[in-house]
Amino acid sequence: MALRQNQLDQLRDGSFDVLVVGGGINGAVSAASLAGRGASVAVVDRGDWGHFTSQESSNLVWGGFKYLENYELPLVFGLCRSRNRLMKTYPSNIREIGFLAALDETAPYSPKFAFLGAVGYWMIGMFGTKRPRLLNRRKVEAEEPVIDTSTVRGAIQYQDAYLIDNDARFVFSFVRSAIEAGATAANYVELVSAERRDGRWTARLRDTETGDELITTAKVIINAAGPFVDDVNAGFDLRTTHRIVYSKGIHLVVPRLTTHTHERVLAFFDDTQRLFYVIPMGKRSVIGTTDTRVDEPFTEVDDDDRTFLLEQINARLRLATPLTVDDVIAERSGVRPLVVKRGAGEQRDEDWTSLSRKHEIERDDERAVITIFGGKLTDCLNVGEEVAAEIEALGVPLERDLHNWYGEPAAATRDEFYRQARRMKLDAMRTKPDTEPLSDRLWRRYGRRAFSMLEAIRDDPRMAEDIMDAADYLRVELHLAASTEMITRLEDFMHRRSKIDLVVTDDEIRGSAGLREVAEILFGDDADRRLAEYLGDDATITRR
């Protein structure tokens, strides 16, 4: 909590070049890009970092194969370019993965035609992945026996990438990058009002944890509020060319459905000819997503959503026992903020699913406001660079882009970490079966900060112990998170800095003897309150 308090102190009566409103992927990457190029930046979010749309994604980094259907070639090229850069600069966090699309009688395309599309996708992606494949029914049966091939005509496999950890943690990595470059960042801080006087914005902010208000000023405001950008602009009395509409998407997390040793996404066309996926998440599988038009950004999974997805997957997999709602470990529901031009009116039903995840950036020179509409995680580096260009156009000088605001540490730094980990036999301290080596996990999650973990483990081997029986988190990770990851509520850790909430059942979490210690490490004397806040009325947790 000390880090957050320090950031609040810097925010109070601060004077900045840029104030970024919104800490999802667009806001986080904007702050990192600008701070990395020498601008003085403040970034706030009324919730936690990545707590809304950015925590409800499919955890995929993909170029938009399905957008070829509408001939959006420039969009696909831009997304593939960003995907390739992300894979190259985040080799431990983002890995290439195959998408095996089984084409049955509900699929709108034949396997051969779909394969031609996959080849085109590979070429547009500048051959940045392995080449696509065309599979007949027997090959599908041999490679993925879980697929019910009774109506399958064939399959294609094309390549994209996925996040090994979770989306919200990836968002936070950009917040950390911004802080390390000198930015001021505070979560659970909302924008109450903003007034432009004498060429500067004066913003009134409120700490939603304490109710305290503070004032800060900035030359430029970046509206990166995701689904709420129109509301924020209305508060500025600002009219834009574009606006946001909402598409609801849900995912269901269930026990692992595939047994193949090679990580692979399974893709199917549902009965409405929309693609949905079975995505690996460690020992779990994620089924989704849906695409439903809604009129507001607040959504939840309902009975119709569950029934539809479970029926679709049960009809396409050969499972010993069909999945039911009792098999669902966790649910994700969020909205995609889709960009349309004002005056476009209501979208016709047949046009609704054709809206893509493109982004638009508008700059108001008179008011000095930049608004980011739409977008997706894959597009983040493009957004960061485009925002920097708009900031320069508003007269804020930036240093040359050295591309040091994103990516993992240099290979030499990584090699030194692994050398030290081998010398202390870090991986031999692992006792759980079927889990990745500790050295891989700590480097991927923490980068340079992992060196301090090695020192802590040398001083006290108990720091290398798992703190919760059902989750792969060490005691040393909790101590580092408490001091460097701005965790304000227990949910911040359980759902966003980690993915424990997504892969561990509620009963296992509540029954874990380590949950109280997690809260005590993160919050000290405030542990009981934070536990009660997280668990609701039933806050009785066993001590070790």
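The values are calculated or read from the model by the stated rules, or taken from the named source; none is laboratory data. Here the structure is a predicted model, which is why all the values come from computation and not from measurement. So basically every Cβ, Gly included, is an ideal-geometry build from the backbone, and we count neighbours across all protein chains shown.
Mind listing whichever residues of region 275-304 are charged (D, E, K, R) and under 23 Å from LEU163 (Cβ atoms)? Full working, then the answer.
Within region 275-304, the subset charged (D, E, K, R) is 283-284, 291, 293, 295-296, 300, 302-304.
If the condition is that a residue be charged (D, E, K, R) and under 23 Å from LEU163 (Cβ atoms), then LYS283, ARG284, ASP291 are the ones that fit.
You will find that of GLY63, GLY27, the residue that is touching a residue at least 24 places away in the same chain (Cβ under 8 Å), in contact with a helix residue (DSSP H, G or I) (Cβ under 6 Å, 6 or more places away or on another chain) and either crowded, with 21+ Cβ neighbours inside 10 Å or within 19 Å of GLY374 (Cβ to Cβ) (or both) is GLY63 and no other.
Consider region 141-163. How many of its residues are among the β-branched types (Val, Ile, Thr) and either surrounded by fewer than 20 Cβ atoms within 10 Å (Cβ to Cβ) or touching a Cys at 6+ places or on another chain (Cβ under 9 Å) (or both)? If you could, list the steps in order and put the result at the bottom.
We begin by selecting, within region 141-163, every residue among the β-branched types (Val, Ile, Thr); these are 146-147, 149, 151-152, 156.
From what is left, the residues that are either surrounded by fewer than 20 Cβ atoms within 10 Å (Cβ to Cβ) or touching a Cys at 6+ places or on another chain (Cβ under 9 Å) (or both) are 146, 151.
Residues meeting the conditions: 2.
Of the residues making up region 69-88, one or more are among the acidic types (Asp, Glu), farther than 21 Å from VAL383 by Cβ and surrounded by fewer than 22 Cβ atoms within 10 Å (Cβ to Cβ).
If the condition is being within 25 Å of VAL383 (Cβ to Cβ), out of contact with any Cys (no Cβ under 9 Å at 6 or more places or on another chain) and not basic (Lys, Arg), then region 89-121 contributes THR89, TYR90, PRO91, SER92, ASN93, ILE94, GLU96, ILE97, PHE99.
Anything in region 488-500 that is in contact (Cβ under 8 Å) with a residue 40 or more places away in the chain, in a helix (DSSP H, G or I) and crowded, with 21+ Cβ neighbours inside 10 Å? List them, or say none. Within region 488-500, LEU490, ASP492, MET494, HIS495, ARG496, ARG497 meet the criteria. Can you say whether PRO132 is more than 17 Å from the chain's Cα centre (by Cα) and under 20 Å from ILE279 (Cβ atoms), as far as the supplied structure shows? Spelling it out, PRO132 is indeed more than 17 Å from the chain's Cα centre (by Cα) and under 20 Å from ILE279 (Cβ atoms).
Scanning region 140-150 for residues that are closer than 22 Å to VAL286 by Cα, assigned to a helix (DSSP H, G or I) and hydrophobic (A, V, I, L, M, F, W, C) yields a total of 1. Against the numbered list (1) surrounded by fewer than 20 Cβ atoms within 10 Å (Cβ to Cβ); (2) under 30 Å from HIS51 (Cβ atoms), LYS130 comes up short only at (2).
What residue, among those in region 14-31 that are in contact with a Ser or Thr (Cβ under 7 Å, 6 or more places away or on another chain) and not in a helix (DSSP H, G or I), is farthest from THR488 (Cα to Cα)? Give the derivation first.
Restricting attention to region 14-31, the residues satisfying the condition of being in contact with a Ser or Thr (Cβ under 7 Å, 6 or more places away or on another chain) are 14-17, 19-20, 24-25.
If we keep only those that are not in a helix (DSSP H, G or I) as well, we get 14-17, 19-20, 24.
Numbers: GLY14: 22, SER15: 25, PHE16: 24, ASP17: 27, LEU19: 21, VAL20: 20, GLY24: 16 Å.
By that ranking, first place goes to ASP17.
The set of residues from region 462-487 being part of a helix (DSSP H, G or I) and either free of Cβ contacts under 8 Å to residues at least 24 places away in the same chain or in the same structural domain as TRP49 (by TED's automatic domain parsing) (or both) comprises ARG462, MET463, VAL476. Here ASP237 meets the list (1) in a loop (DSSP other than H, G, I, E, B); (2) in contact (Cβ under 8 Å) with a residue 24 or more places away in the chain almost entirely, failing just condition (2). Note on region 151-210: residues that are in a strand (DSSP E or B) and under 30 Å from ASN136 (Cβ atoms) total 9.
Only residues that are touching a helix residue (DSSP H, G or I) at 6+ places or on another chain (Cβ under 6 Å) and either within 16 Å of LEU68 (Cα to Cα) or part of a helix (DSSP H, G or I) (or both) were counted in region 112-138, giving 5. The one condition from (1) part of a helix (DSSP H, G or I); (2) more than 24 Å from the chain's Cα centre (by Cα) that CYS380 does not meet is (2). Here ALA513 passes the criteria (1) buried (at least 18 other Cβ atoms within 10 Å of the Cβ); (2) on the phi < 0 side of the Ramachandran plot except the one numbered (1).
When region 405-432 is filtered for residues that are in contact (Cβ under 8 Å) with a residue 40 or more places away in the chain and either exposed (fewer than 13 other Cβ atoms within 10 Å of the Cβ) or in contact with a strand residue (DSSP E or B) (Cβ under 7 Å, 6 or more places away or on another chain) (or both), only LYS432 remains.
Residues in region 214-234 that are assigned to a strand (DSSP E or B) and surrounded by 20 or more Cβ atoms within 10 Å (Cβ to Cβ): THR216, ALA218, VAL220, ILE221, ILE222, ASN223.
For region 315-333, filtered to residues that are assigned to a loop (DSSP other than H, G, I, E, B) and out of contact with any Leu (no Cβ under 9 Å at 6 or more places or on another chain), the residue that is surrounded by the fewest Cβ atoms within 10 Å (Cβ to Cβ) is ALA320. Check ALA450, ALA388 and return the single one that is in the same structural domain as VAL41 (by TED's automatic domain parsing) and either at pLDDT below 95 or under 23 Å from the mean Cα position of the chain (by Cα) (or both). Sole residue among the options that is in the same structural domain as VAL41 (by TED's automatic domain parsing) and either at pLDDT below 95 or under 23 Å from the mean Cα position of the chain (by Cα) (or both): ALA388. For PHE268, the test of being under 16 Å from ALA102 (Cα atoms) and either in a strand (DSSP E or B) or modelled with pLDDT of 95 or more (or both) is passed. Being in contact with a Gly (Cβ under 7 Å, 6 or more places away or on another chain) and either β-branched (Val, Ile, Thr) or crowded, with 24+ Cβ neighbours inside 10 Å (or both) is the filter here, so list the residues in region 380-403 that pass it. Residue satisfying the conditions is VAL383 alone. Summed over region 219-237, the residues that are modelled with pLDDT of 95 or more and over 28 Å from the mean Cα position of the chain (by Cα) give a count of 1. Restricting region 242-267 to residues that are in contact with a strand residue (DSSP E or B) (Cβ under 6 Å, 6 or more places away or on another chain) and of a type in the set (Val, Ile, Thr) leaves a set whose member that is farthest from VAL328 (Cα to Cα) is ILE244. Checking each residue in region 32-56 for being over 23 Å from TRP201 (Cα atoms), touching a strand residue (DSSP E or B) at 6+ places or on another chain (Cβ under 8 Å) and assigned to a helix (DSSP H, G or I) picks out THR53, GLN55.
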